[in-house]
Amino acid sequence: MKLHLSPYINKKKKTIEFHLRLNRASQVSLAGSFNHWAKNELNMKPLKDGFWKIVIPMLPKGKYFYKFLIDDQMWMEDIENQLREPDGVSGWNSILTV
């Protein structure tokens with residue numbers, strides 16, 4: 001399965017696609033500054049071979065921070081996205097620039 005790098009901004013469709021590969025998860029959600037870090041608002045869909053994906057509507061121009069929430073207990077940055085900043089705790093926030 002070939003997916004775009006995450007996050008993928010599709011200007012033609014006016015969407016943003018996020019995905020990750022994580023075999024041992026039963027639930028993955030996307031949270032960030034664009035949705036006030038709501039934990040269960042943007043649930044990702046499981047695909048084949050441990051891939052998870054979500055497509056959201058295009059966001060207004062700006063800089064956003066985001067993470068994935070794994071099984072409602074572990075926060076994880078987007079490992080495909082090299083743009084990140086310390087989260088102020090002990091991890092990283094991934095950065096999305098629209």
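When both residues are 6+ apart or on different chains and their Cβ atoms are under 8 Å apart, which pairs have a first residue that lies in region 28-42 and is over 16 Å from Met74 (Cβ atoms), and a second that is among the acidic types (Asp, Glu) and surrounded by fewer than 19 Cβ atoms within 10 Å (Cβ to Cβ)?
Close Cβ pairs (under 8 Å, with a partner that is among the acidic types (Asp, Glu) and surrounded by fewer than 19 Cβ atoms within 10 Å (Cβ to Cβ)) amount to Asn35/Glu41.
Could you say which residue among Lys63, Lys14 is on the phi > 0 side of the Ramachandran plot, more than 9 Å from the chain's Cα centre (by Cα) and not hydroxyl-bearing (Ser, Thr, Tyr)?
Lys14
Can you tell me which residues in region 57-76 are part of a strand (DSSP E or B) and surrounded by fewer than 17 Cβ atoms within 10 Å (Cβ to Cβ)? Break it down into steps so the answer makes sense when it comes.
Let us first name the residues in region 57-76 that are part of a strand (DSSP E or B), namely 57, 63-70, 74-76.
Those that are part of a strand (DSSP E or B) and surrounded by fewer than 17 Cβ atoms within 10 Å (Cβ to Cβ): Pro57, Lys63, Met74, Met76.
Going residue by residue through region 10-19, is there one that turns out to be part of a strand (DSSP E or B), at pLDDT below 95 and closer than 16 Å to Ile79 by Cβ?
Looking through region 10-19, at least one residue is part of a strand (DSSP E or B), at pLDDT below 95 and closer than 16 Å to Ile79 by Cβ.
If Lys39 satisfies every condition in (1) among the charged types (D, E, K, R); (2) more than 19 Å from Thr97 (Cβ to Cβ); (3) surrounded by 15 or more Cβ atoms within 10 Å (Cβ to Cβ) but one, which is the exception?
Failing condition for Lys39: (3).
Which of the residues spanning region 78-92 are more than 12 Å from Leu22 (Cα to Cα) and in a loop (DSSP other than H, G, I, E, B)?
Quick first cut of region 78-92, residues more than 12 Å from Leu22 (Cα to Cα) only: 80-92.
Those that are more than 12 Å from Leu22 (Cα to Cα) and in a loop (DSSP other than H, G, I, E, B): Glu80, Asn81, Gln82, Leu83, Asp87, Gly88, Val89, Ser90, Gly91.
The values are calculated or read from the model by the stated rules, or taken from the named source; none is laboratory data. Quick caveat: nothing in here was measured; it's all calculated off a predicted structure. Reconstructed Cβ throughout: ideal geometry from the backbone, glycine too, with neighbour counts over all protein chains shown.
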